[in-house]
Amino acid sequence: MNRTRIILLVIFLISQTGISLAQDPVWTETAPGVWKATAGVPENYDLLKASGATPNRTAMSAIAPSAFPLSQADISIKVVDGKTYLRFPLQKEEQLFGFGLNFQTVHQRGKILQLHVDHYGGKDNGRTHAPTPFYVSSKGYGVFINSARYLTVYAGTGVRTASTNPPVAKDRNTDKTWSARPYSDAVEILVPAAGVEVYVFGGPTPLDAVRRFNLFNGGGCLPPRWGLGFTQRVKSLYTAEEVKKEVKDFREKGFPLDYIGLEPGWQSKSYPCTFSWDSLRYPDAGGFVQELLKEHIRVNLWTNPYVSPDAPFYKSIIPYSGSHTVWNGLVPDLTLEPARKLFFDQLQKDQVAKGVSGYKIDEVDGYDHYLWPDVASFPSGIPAEQMRQTYGLLVQRYSESIFHLQNKRTFGLVRASNGGGTSFPYVIYNDYYNHEDFITALINSGFAGVLWTPEVRASKTGEEWLRRFQTVVFSPMAMINAWASGTKPWSYNDVAEPIKQLALLRMQMLPYWYSAFARYHFEGIPPFRAMNLEEGFVQETKKEKGNANLEENPYAEAVSKEIKDQYMAGDYLLVAPLFAGQQTRKVVLPKGRWYDFYTGAFAGDGQVITVTPGLEKIPVYVKDGGIIPMMKPMLHAPVAGEKVDLTVRYYGEKPGKYMLYDDDGETYNYEKGEYSWREIKVEKDRTGKWKGSISPAVKGKPNTVGNVVFEFMTK
């Protein structure tokens, strides 16, 4: 009997008898600043296997060195009754971030969560579109649990009798400091499996830990330039002629447009799907797509992966599908190569080969009442629970591979992801529509290794439309989703002109956004991220009581203040949205001098400011020495080989430096080294005047930069 079988037998006996198998974890540095330990016998299928993530060790080695960031003696791993129990230490005043794509809170200490792929139902309880089992500490480290199971997290909630630093019991009758939630010194995680891989990511800063996590998962995606332009999703049953008219309206009205999203009506049948064009609405699908491509408009297609009996490959894929259907459609087991070939070959030959540039992959998250139940089975033997946790990863991985084989980048939308999916060129969206919570999700996306869009659909007033649109412009995907409403950028007459100017601003800023995404890919820095990751940001630790009614809730607690309505965008920008009904807001500026994006005027230094920007502006601030490269406001992103002139804005009073990224903007040739970084510098000359410079184009590399002029914003 070999060693593996002996271990499996031991685990089986433990699971049957209830014996506890504790172990001192052995931590091995598996990548620069990343340590791995194995508990019990990990399952054969996990998040990293589902995603196929490959670490970028070279990029990770460029981050400042880090020692193992925790006391190994305070980490506990044990297997009991076929389940794995993990415990990591917590210090006082230590805050936690992450545990997936949360919508209402940034601080996660004190939470009990079940990390479970699902639609977002209005509460941060762990059931969300990307329940990434990764958390980041304010002390500058991260922890990742490589399991495709539903994990239960006690993020500093349980108080152990064996704790070396227990809270003091207090008399509630007389002691006003009594708390219903006593101090806990540990993060505890329950994995419903008899083994798991665990990773610890060093810092030394929280941002460094996030960077290591992203690079460990292959680095962030690098979208095509057109993916960072503007997109409009049209009504579900639009015809080819109606879509072409919409494109014409955009051009005639002077609104930028880079790609059109077609909703379910492009298919002959949907819910479940045939993955075939409707011959009445799109009688010449290939000609339609090519006609739009000539106008530099890409086509993105909605779909879900559930196979209709009328799909051309339905009978062939039956043996490779799950035991339960979704809307009477088969669920392909995408862990099996025959299922993938049947499914994705249809997409390739019927859509991608015709010129389609991407997909919006819907309904791979939840709801429970329509998705396959946990009692379902799949021909691969992968449990239904694990399939649910990873299905979003699988559809992203294998749909992206279609485009990779054609050497054409894509940028799409998906409803679910998880740990390991950082490199996939997809942005998460959902059916929820709370503007404030959308911004909190954008902040948390930087901890979850995913991208999120606060899309615009419709609004009750022009004011709300403008406020929502402002945040879309400063997000990963500038999109109107009009599948139901039919709204256009100009639908609200009273704000049509400022909306147009915002859309054009998005296009002007493409060089800045593109370089930010390049940093995401090559260096692991999220292009949109929490204030807690910004140097000079000081977290408020004061607690405030609020207006709790103790008659209604006798266990009401004071809550720590958190910043969940402002965020960093790229290297230099701080974005502080306003919401409908607001005229003023407070902005927390990190230490260091900050300047108004629009005027260059000094805004503050490490202080809280109150601003009244007016309806037409979203407050945006630039850190001292900030450099923002901008281009002319084109109606579509530059195509491959097209040169654009740049106006480089400089803000502040200290010398600045910026690395401008360049490649062809459309292919994967950057993976072969066909890219360059050009250094932009601003400093004073001998006479005390500001002077800007850009390093020469790199010989033999793509060069899309034309003339460069400098604009010194701070007078």
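Since every read-out is calculated from the coordinates, none of them should be taken as a lab result. Treat the numbers as computed from the prediction; the structure is a model and nothing was measured. Methodologically, a virtual Cβ is constructed for each residue, glycine included, from the backbone with ideal geometry; neighbour enumeration extends over all protein chains shown.
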Cα pair distances exceeding 42 angstrom across the chain, given as percent = 28 percent
Check: C-alpha center the stretch 419-485 vs C-alpha center the stretch 606-655, spacing in Å is 21 Å
Quick one: Karplus J couplings for the stretch 196-212, per residue in order, coefficients 6.51, -1.76, 1.60, θ = phi - 60°, nearest Hz, x for Gly and Pro?
-> 6, 8, 10, 10, 10, 10, x, x, x, 9, x, 5, 4, 5, 4, 4, 4
Per residue, the convex hull enclosing the Cα atoms of the stretch 162-309 spans a volume in Å³ of 315 Å³
Between LEU413 and residues 5 or more places away or on another chain, which pairs have amide H atoms under 5 Å apart, with H built 1.01 Å from N, and which residues are they?
-> TYR359, LYS360, ILE361, VAL427
What number comes out for the charge environment of GLN406, summing +1 per Lys or Arg and -1 per Asp or Glu over other residues with Cβ under 15 Å away?
-> -1
Report ³J(HN,Hα) in whole Hz for each residue of the stretch 607-612, in order, from the Karplus equation J = 6.51 cos²θ - 1.76 cosθ + 1.60 where θ = phi - 60°; Gly and Pro get x.
-> 9, 9, 10, 10, 10, 10
Kindly provide the helix-only [θ] at 222 nm of the chain, computed as the sum of -39,500 (n - 2.57) over DSSP H runs of four or more divided by all residues, to the nearest 500 deg cm²/dmol?
-> -6500 deg cm²/dmol
Cross-link reach from LYS689 to aspartates and glutamates, straight Cα distance under 13 Å and at least 8 residues apart if same chain, gives GLU653, GLU711
Size of electric dipole in the stretch 627-712: Cβ of Lys, Arg +1 and of Asp, Glu -1, about Cα centre, debye, nearest 20 | 520 debye
Calculate how large, on average over all directions, the projected area of the Cα convex hull of the stretch 44-124 is; give the answer in nm² to one decimal.
-> 8.7 nm²
Using alpha carbon centers only, the stretch 299-377 is separated from the stretch 577-603 by a whole-angstrom value of 46 Å
Under 11 Å, Cβ to Cβ, from MET659 - net charge with Lys/Arg +1 and Asp/Glu -1 = 0
If Lys and Arg each add +1 and Asp and Glu each add -1, what is the summed charge of the other residues whose beta carbon sits under 14 Å from the beta carbon of GLY158?
-> +3
State log₁₀ I(q)/I(0) for the stretch 336-384 at q = 0.18, 0.22, 0.24 Å⁻¹ as given by the Debye formula over alpha-carbon point scatterers of equal weight, solvent excluded.
-> -0.81, -0.95, -0.99
Starting from one equal scatterer on each C-alpha and no solvent at all, send me the Debye-based log10 I(q)/I(0) for the stretch 554-711 at q = 0.17, 0.18, 0.21 Å⁻¹, two decimals.
-> -1.09, -1.15, -1.30
Rounded to whole angstroms and listed largest first, the alpha-carbon spread of the stretch 627-712 along its three principal axes comes to 44, 29, 17
Counting only DSSP beta bridges with both residues in the chain, what percent are antiparallel, rounded to the nearest 5?
-> 75 percent
Taking alpha-carbon centroids only, the stretch 191-232 lies from the stretch 665-702 a number of Å equal to 27 Å
Report the Stokes-Einstein translational diffusion coefficient (µm² s⁻¹, integer) for the stretch 284-377, Rh taken as the Kirkwood radius over Cα pairs, at 20 °C with viscosity 1.002 mPa s.
-> 146 µm²/s
Tell me which lysines have Cα within less than 16 Å of LYS699's Cα, excluding those fewer than 8 residues away on the same chain?
-> LYS643, LYS672
When Rg is the radius of gyration of the Cα atoms in the stretch 322-464 and Rh is its Kirkwood radius, what does Rg/Rh come to?
-> 0.99
Could you give me the ³J(HN,Hα) list for the stretch 625-639, computed from phi with Karplus coefficients 6.51, -1.76, 1.60 and θ = phi - 60°, whole Hz, x at Gly and Pro?
-> x, x, 10, 10, x, 10, 10, 5, x, 6, 8, 7, 5, x, 8
Taking placed amide H atoms and a strict 5 Å upper bound, the residues 5 or more places from VAL708 or on another chain that come that close are LEU646
